[in-house]
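This report refers to the structure that appears directly beneath it.
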Amino acid sequence: MASQKEIRVKLASTKKTMKITSAMKLVAAAKVNKMQKILVQARPYATKLNEIFTNLKSALSPDDISGNPLLRSSKTIESVLLVVISSDRGLCGAYNANIIKATNKRIRELQEQKIQIKLITVGRKAKSAFAKDAYQKQGVEILESFINLSSIPTSTEANLIASKAIETFVSGSVSKVELISTRFISLVASEVLTHNFLPIENVTEANKNDSQTILEPSAQSLVETLAPMYTENKIYQALIEATTSELAARMTAMSNATANAKDFIKRLLLSYNKARQASITQEISEIVGGAAALG
Amino acid sequence: MATTYSLEIVTPEGLILNEEITELSVMSESGEIGILANHASTKTKLKASPLKFKKTNGKTEVIAVIGGILEVEKNKAVVLTEFAKKGSDIDEALANQAAEESKAKIQLLSPDASKTDPSLILAEAQLQKELLLLKTARLTKNTI
């Protein structure tokens, strides 16, 4: 059995840890509330943009589509760019592990089809996970890593990431861009999704009653304006969903950690009391034994 | 026939405005257009400009928008833009200061930076934005 002193030290440090985890839980809970509001606020823009864009796109001729660098799809896919969105900081349960697992799975799938893979990583965790030599040997190349994003993602940051992806796609060095990120479902649930990002595909069905609309200057030029807005917004949406999921995951993880610490403290206290009692008992029996020897 | 219609200004940061209005005036790529109620369905590209509208109580308001798209459909106008700010919310002194800072930055960069230098492009965009905010703030003052 551990000595009283050892147990006391352990008890003190566990109590400190519990204070930290419960503080982190409270902070995450406050932040997640704020992020959820932002998520709701951002929705009308995304919905409307999607609607207008899809309607306009349906007005385009196939020639117009192949003329737009963001809509043009290539017949053979030789290389794919994966945009992986993770977080800068840990202590959020399996959040980052899930992202990395999903990315690894996708990398394997693509490699089986002999497709070259390039990466853009967002967040420190994805950067450190994919910067390893093993990936470079397989030819998985990180084009750029974005780290130290602000705690509430801004559209400026989303634009930076989007423009890097667009640049790579338009230059022709990859024929497809996929986005791997976490979708926020609820405080206790989120899922990692891989979606096609570029070329832009139809997401919703267009309603075809738009023939009377005055388009100025032209459908083609409107789509040219909207396509970058659309891609940037998709990244922005992904960023805020990912941040919300990260905070929710952290909240759950920290709440579990606090509960565990509480449990552990209970057990430590018990063994501390046992040790104390044992030493008292021993002292008494020593005194009694000593007295008996004298007598 | 209705004489008013609704105007929504939506940005990624949320709904900036949702009001019943009687008149709207925007800068499109080909020039200024005015929109009254019962306008034909339209989609048009906007320039970075102050957007003016008249509320049902007769008061005119100004909002700065940076690019984006205006959609008019069935007596509902929607402006989708990445940035919008109400004239009454603009701090003129702050915008002035920011404009001066961007100007200084451009001065500092322009001798040796090429036209495609990202920091120069960013500084120029910032300057344009602050100038637009100033213009909008002044317009707001004049209309009230």
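Sum -39500 (n - 2.57) across every DSSP H segment of at least 4 residues in chain B, then divide by the residue count to get the 222 nm mean residue ellipticity, nearest 500.
Details: 2 runs with 44 residues, N = 144.
Calculated mean residue ellipticity at 222 nm is -10500 deg cm²/dmol.
How far is helix A:4-58 tilted off the main Cα axis of chain A, in degrees rounded to 10, range 0 to 90?
10 degrees
List the residues, sorted by chain then number, that are 5 or more residues from residue B:16 or on another chain and whose placed amide H is less than 5 Å from its amide H.
Excluding prolines and chain starts, which carry no amide H, the hits are B:9, B:10, B:11.
Can you sort B:47, A:25 so the residue with the fewest Cβ neighbours within 10 Å comes first?
Working: B:47 16, A:25 19.
So the residues, fewest neighbours to most, are B:47, A:25.
Going through the cross-link list A:25/A:234; A:31/A:101; A:164/B:129; A:48/B:86; A:164/A:234; B:86/B:135, which pairs have a Cα-Cα distance over 19 Å in this structure?
Over 19 Å apart, Cα to Cα: A:25/A:234; A:31/A:101; A:164/B:129; A:48/B:86.
Please arrange B:130, A:109 by how many other C-beta atoms lie within 10 Å of their C-beta, fewest to most.
Ranking B:130, A:109 by Cβ neighbours within 10 Å, fewest first, gives A:109, B:130.
Kindly express, to the nearest 10 degrees and within the range 0 to 90, the angle between helix B:118-143's C-alpha long axis and the longest C-alpha principal axis of chain B.
40 degrees
How large is ³J(HN,Hα), in whole Hz, for each residue of the stretch A:140-145 in order, when computed from phi with the Karplus curve 6.51 cos²θ - 1.76 cosθ + 1.60 and θ = phi - 60°, using x for Gly and Pro?
7, 10, 8, 7, 7, 10
Kindly put A:135, A:236, A:230 in sequence by how many other C-beta atoms sit within 10 Å of each C-beta, fewest to most.
With the sparsest Cβ surroundings first, the list reads A:135, A:230, A:236.
Assign unit charges at the C-beta atoms only (+1 for Lys and Arg, -1 for Asp and Glu), then state the dipole size of the stretch A:1-111 relative to its Cα centre in Debye, rounded to the nearest 20. Intermediate values should be presented prior to the final figure.
Details: 20 positive and 7 negative charges, 217 e Å.
Dipole size: approximately 1040 debye.
Determine ³J(HN,Hα), in whole Hz, for all residues of the stretch A:278-295 in sequence, where each value follows from phi through the Karplus function 6.51 cos²θ - 1.76 cosθ + 1.60 and θ = phi - 60°; x replaces Gly and Pro.
4, 5, 5, 4, 4, 4, 4, 5, 5, 4, 4, x, x, 4, 5, 5, 5, x
Using Cα-Cα distances under 8 Å and only pairs 6 or more residues apart, what relative contact order does chain A have, in percent?
Answer for chain A is 32 percent.
Relative to the first principal axis of the alpha-carbon coordinates of chain A, what is the inclination of helix A:155-170, with its axis defined by its Cα atoms, in degrees from 0 to 90 and to the nearest 10?
60 degrees
Quick note: the coordinates plus some simple rules give every number you see, no bench work behind them. As the structure is a computational prediction, the values presented were derived from the model and not from experiment. A quick note on method: Cβ atoms are made from the backbone with ideal geometry, for glycine too, and the neighbour counts reach across all protein chains shown.
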